[in-house]
Amino acid sequence: MQTVRLVKPESVWKEAYLSFYEEWKQSQELMVPWVISTEPYDFEGMLTFLSNQENGIGLSEGWVKTSTYWLVTANEQVVGAVNIRHELNEKLLNAGGHIGYGIRPSARGNSYAVTMLALALEKAKELGISRALVVCDSDNIPSKKTILGNGGTPDQDYVNEDGKRMNRFWIKL
């Protein structure tokens with residue numbers, strides 16, 4: 001695996017991010033974390049939206065502040081995205097957790113998720129989070145391994161309204 005780093009969304013990453021977004025969209029997979037489903041064609045508008053989310057400006061009812069980062073390789077390719085929620089409400093405590101992350105389809109299987117989650121946990125600690133809740137669908141074995149590989153301790157599962165089981169893990173920071 002090549003060297004990677006987390007970056008804040010900025011205009012300089014426009015082409016790399018659009019490539020990331022288009023690949024994911026063409027895959028027709030669920031876009032995770034949710035924030036990557038925000039259409040980026042008005043790139044500056046999307047950057048403003050992300051900044052507002054981080055600063056708590058114009059949040060929808062029931063939403064919390066979130067920080068978004070992109071995982072970038074040494075050759076300047078965006079291979080992942082992570083969304084860090086600054087606090088938990090009841091919904092996030094059950095099924096969302098502090099951190100949501102995803103790796104573009106063509107970059108999976110390269111340990112990027114393990115590294116991205118480790119870097120995101122450092123960012124969460126900087127936000128004052130001492131224990132991070134990370135969740136995944138119970139049938140998402142790669143994500144479960146990623147969370148366990150970053151020190152996740154299993155907690156009680158949660159079953160969504162649609163019957164989907166969520167595995168919940170706490171990670172001490």
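The values are calculated or read from the model by the stated rules, or taken from the named source; none is laboratory data. All of these numbers come straight from a predicted model, not from anything done at the bench. Using ideal geometry, Cβ is built from the backbone for each residue, glycine included, and neighbour counts are taken over all protein chains shown. In case anyone asks, the SASA skips ligands and DNA or RNA and just uses the protein heavy atoms, side chains included. Shrake-Rupley method; radii C 1.70, N 1.55, O 1.52, S 1.80 Å.
At a glance:
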read-out: From the options LYS91, LYS8, residue that is under 24 Å from GLN156 (Cβ atoms) and surrounded by fewer than 16 Cβ atoms within 10 Å (Cβ to Cβ); value: LYS91
read-out: Residues of the range 45-71 classified as touching a His at 6+ places or on another chain (Cβ under 9 Å) and acidic (Asp, Glu), total; value: 1
read-out: Filtered residue count, the range 143-164, keeping only those that are within 28 Å of ALA107 (Cβ to Cβ) and surrounded by 13 or more Cβ atoms within 10 Å (Cβ to Cβ); value: 10
read-out: GLY109 vs. criteria over 15 Å from LEU6 (Cβ atoms), small (Gly, Ala, Ser), out of contact with any strand residue (DSSP E or B) (no Cβ under 6 Å at 6 or more places or on another chain) and buried (at least 16 other Cβ atoms within 10 Å of the Cβ); value: no
read-out: Members of the range 18-56 that are closer than 22 Å to PRO105 by Cβ, open to solvent by 40 Å² or more (accessible area, probe 1.4 Å) and of a type in the set (Phe, Trp, Tyr); value: TRP34, TYR41
read-out: Candidate set from the range 63-87 (those that are open to solvent by less than 10 Å² (accessible area, probe 1.4 Å) and aliphatic (A, V, I, L, M)); member that is nearest to the chain's Cα centre (by Cα); value: VAL82
read-out: Single residue of ALA132, ALA120 found to be part of a helix (DSSP H, G or I), crowded, with 21+ Cβ neighbours inside 10 Å and modelled with pLDDT of 95 or more; value: ALA120
